1. So, in the stretch 116-149, how many residues would count as being surrounded by fewer than 13 Cβ atoms within 10 Å (Cβ to Cβ) and in a helix (DSSP H, G or I)?
2. Residues that are at pLDDT 75 or above, under 30 Å from Arg134 (Cβ atoms) and loosely packed, with under 10 Cβ neighbours inside 10 Å: does the stretch 65-79 have at least one?
3. Please verify whether the stretch 80-100 includes one or more residues that are modelled with pLDDT under 80, in a helix (DSSP H, G or I) and of a type in the set (S, T, N, Q).
Amino acid sequence: MSGASAIGAAGAYGGAGNIARGGVDQVMALRQEVLARSEALQDVQNARANGAAGNVAAPASAAGLAGPATNTGPQQVGGFADALTGALQQVSQVQARSSDMQAAYERGEVTDIAKVMLARQEAGVAFEATLQVRNKLLSAYQDIMRMGS
């Protein structure tokens, strides 16, 4: 259903049209904000790429990240290894929390089995995602190795 027909359908129910219109306006405003930030990030990335060649630092205000939702502290730029290490640590924490909840349930400290099962499922999904990333990295590495021969 297109946005115009959704608004028209909601308008047929009287007051629901105003609610739907407000929701559409919020979604459109959020979309515009995301697009503006994406464009600003691309500008910063281009400025950094150009700055590396000409030793010109990208201005922080060009990122459009001076809004209320950003950290005003010093920005740390990490590499791929840092991002991968952080992700693996998060997966490890999720698995440890799941194990702790399971052990607490077995001891009778936690009585909500749904929370325990949800933690186990979350740990399983995190582990599966990690395996998928590993498989993609291994595949990319093998493709790169084949290029040289």
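1. First pass over the stretch 116-149, keeping only residues surrounded by fewer than 13 Cβ atoms within 10 Å (Cβ to Cβ): 121, 125, 128-129, 131-132, 134-149.
Subset that is in a helix (DSSP H, G or I): 121, 125, 128-129, 131-132, 134-148.
Counting residues in the stretch 116-149 that are surrounded by fewer than 13 Cβ atoms within 10 Å (Cβ to Cβ) and in a helix (DSSP H, G or I) gives 21.
2. For the stretch 65-79, residues at pLDDT 75 or above, under 30 Å from Arg134 (Cβ atoms) and loosely packed, with under 10 Cβ neighbours inside 10 Å: present.
3. Taking the stretch 80-100 and keeping what is modelled with pLDDT under 80, we get none.
No, the stretch 80-100 contains no residue that is modelled with pLDDT under 80, in a helix (DSSP H, G or I) and of a type in the set (S, T, N, Q).
The values are calculated or read from the model by the stated rules, or taken from the named source; none is laboratory data. Please read all numbers here as calculations on a predicted model, not as lab measurements. Note that we place each Cβ from the backbone using ideal geometry, even for glycine, and neighbour counts take in every protein chain shown.
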